[in-house]
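Here is the structure we will look at, set down as structure tokens.
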Amino acid sequence: MTPAAGFPGTWRPNTASTVALYEQLRLHVIHLADNGSLPPGTRLPAVRALAEVLDVAPHTVARAYKELEAAGIVATRGRNGTVVCARDERLGGLSAAAAAYAAAAKAQGATFAEAVKLLAAAYDVP
């Protein structure tokens, strides 16, 4: 596992935004993981250290990390810290969520087309 070189760099959460600070951090990590700036295996800074750098409460970073872990973007490995997961690991969690969504849609009597339309609307696809 390699440490995140320069993460978070000059990026800072926008305190004037209506988007919660933890959500801004969560989205930023996802963006960096998706574009390869945080490759799989990269170790993210410890919660307290990142909170200090970003000038936010440790709870803010902890919540972002917790939600990133729940989404399969990162994994917490005890003393080895929080690391970025490979995309195929992340998609495994997404596959489970898709199965749950499909089951819920079927249980409510939605057709496949209706379920896809709802997903597209949630994804902001016209």
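Quick check for you: with a 1.4 Å probe and neighbouring chains kept, what is the accessible area per residue of the chain, in Å²?
Numbers: 8140 Å² over 126 residues.
Here the residues of the chain average 65 Å² of exposed surface.
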What angle, in degrees between 0 and 90 and rounded to the nearest 10, separates the Cα long axis of helix 87-107 from the longest principal axis of the Cα atoms of the chain?
-> 30
Semi-axes of the chain's equivalent ellipsoid from the Cα gyration tensor, sqrt of 5 times each eigenvalue, largest first, rounded to whole Å?
-> 31, 18, 13
The range 13-126, dipole about Cα centre (Lys/Arg Cβ +1, Asp/Glu Cβ -1), debye to the nearest 20 | 300
In nanometres, what is the gap between the two model label sites at ARG79 and ALA115, each 7 Å from Cα along Cα-to-Cβ?
-> 4.6
Which residue fluctuates the most in the chain, going by a Gaussian network model with Cα springs under 10 Å, if the choices are GLU67, GLU23, GLU114?
-> GLU114
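Need one word for the range 32-100: rounded, prolate or oblate. Basis is the Cα gyration tensor (sqrt eigenvalues a ≥ b ≥ c); a/c below 1.5 gives rounded, then a/b vs b/c decides. Let's see the in-between values first.
Values: a/c = 2.12, a/b = 1.66, b/c = 1.28.
Verdict is prolate for the range 32-100.
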With the charge dipole of the range 1-88 built from beta-carbon charges (+1 for Lys and Arg, -1 for Asp and Glu) about the Cα centre, the Cα from ILE30, ALA46, THR15 projecting farthest to the positive end belongs to ALA46
Of the accessible area of the range 38-85, computed with a 1.4 Å probe and all protein chains kept, carbon and sulfur make up a percent value of 51
Mean-square fluctuation maximum in Gaussian network of the chain, Cα pairs under 10 Å, restricted to LEU25, LEU94, LEU44, hits LEU94
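What does the helix-only formula give at 222 nm for the chain: each DSSP H stretch with n ≥ 4 adding -39500 (n - 2.57), the total divided by the residues, and the result rounded to the nearest 500 deg cm²/dmol? The partial results should precede the final answer.
Numbers: 5 runs with 67 residues, N = 126.
Here the helix-only value at 222 nm equals -17000 deg cm²/dmol.
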Three-way shape call for the range 16-68 based on the alpha-carbon gyration tensor, with the a/c threshold at 1.5 = oblate
In whole Å, what is the distance between the alpha-carbon centres of the range 102-120 and the range 9-51?
-> 33
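The values are calculated or read from the model by the stated rules, or taken from the named source; none is laboratory data. Keep in mind it's a predicted model, so treat the numbers as computed, not measured. Reconstructed Cβ throughout: ideal geometry from the backbone, glycine too, with neighbour counts over all protein chains shown. Protein only, heavy atoms only, side chains kept; ligands, DNA and RNA dropped before computing areas. Shrake-Rupley method; radii C 1.70, N 1.55, O 1.52, S 1.80 Å.
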